[in-house]
Structure formats: C-alpha cells, structure tokens
1. Taking the Cα centre of the chain as the origin, how large is its charge dipole in debye, to the nearest 20, when only Lys and Arg (+1) and Asp and Glu (-1) carry charge on their Cβ atoms?
2. How large is the convex hull of the C-alpha atoms of the chain per residue, in Å³?
3. Out of Leu26, Asn67, Gly42, whose Cα points farthest toward the positive end of the dipole of the chain (charges: +1 Lys, Arg; -1 Asp, Glu; placed on Cβ)?
4. For the chain, report the accessible area per residue in Å² (1.4 Å probe, heavy atoms, rounded to an integer).
5. What is the helix-to-structure angle for 40-54, meaning the angle in degrees between its Cα long axis and the longest Cα principal axis of the chain, kept from 0 to 90 and rounded to the nearest 10?
6. Calculated from DSSP H runs of 4 or more alone, at -39500 (n - 2.57) each and per residue, what is the 222 nm mean residue ellipticity of the chain, nearest 500?
Amino acid sequence: MSDATRTAIRAFIVENFLFGDDSQPLAADLSLIDNDLIDSTGILELVGFLEERFAISVADADIVPANLDTIDRIAGFIARKQAA
C-alpha cells in the first residue's frame with residue numbers, strides 16, 4: 001500500500017465528507033462508518049471515486065466494511081484489485 005494512495009483517499013474524504021476541514025487528524029485506522037464520517041450514500045460516492053481514480057472495478061460483493069471502513073482497508077483493497 002503506497003503513501004500516495006492513502007494520501008489520495010484521505011484528501012477525497014476530507015474534501016467530500018468533512019467539507020475541507022482537515023483541522024482534526026484523520027487516522028488511517030479510524031472507522032469511517034462507526035464515527036459517522038460516511039454513510040451509505042457516501043460509500044457509493046467513495047466507490048465511484050475509487051473506480052475512476054485508481055482504474056479498478058468494484059463489484060457489489062466488494063462493498064463491505066472489511067474493504068471500505070478505514071483508509072488502511074481501502075488502500076489494501078485497491079492494492080489487491082490492482083494486483084489481480
């Protein structure tokens with residue numbers, strides 16, 4: 001998992017779900033769902049971003065917290081999809 005990938009994901013989350021407010025640190029292992037940073041509609045926005053930015057295809061079965069709940073999990077998911 002590259003730092004560039006994590007940086008791009010973090011920037012997207014800050015811009016789209018925190019309205020550009022990066023005054024609070026967004027830890028790579030912070031649950032986006034449990035901390036109410038992202039909801040079901042936000043997950044769909046995130047999926048669209050991931051597909052476009054990282055040239056991957058996200059199947060419906062891939063849209064689970066194990067893949068999309070933290071920045072680290074998202075980065076790992078992208079790495080696995082790109083390697084496949």
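1. Working: 6 positive and 15 negative charges, 78 e Å.
The dipole magnitude comes to about 380 debye.
2. Working: hull volume 7.3 nm³, N = 84.
Hull volume normalised by residue count: 87 Å³.
3. Checking the options against the dipole of the chain, the answer is Asn67.
4. Details: 4920 Å² over 84 residues.
Per-residue accessible area for the chain comes out at 59 Å².
5. Taking Cα atoms only, the helix is inclined about 60 degrees.
6. Values: 4 runs with 47 residues, N = 84.
After summing the helix terms and dividing by residue count, I get -17500 deg cm²/dmol.
The values are calculated or read from the model by the stated rules, or taken from the named source; none is laboratory data. Just so it is clear, the structure is predicted and the values come from calculations on it, not from any experiment. Cβ: placed from backbone, ideal geometry, glycine included. Neighbour counts: every protein chain shown. The protein model used for the area step is the full one, side chains on, heavy atoms only, and it has no ligands, DNA or RNA in it. Shrake-Rupley method; radii C 1.70, N 1.55, O 1.52, S 1.80 Å.
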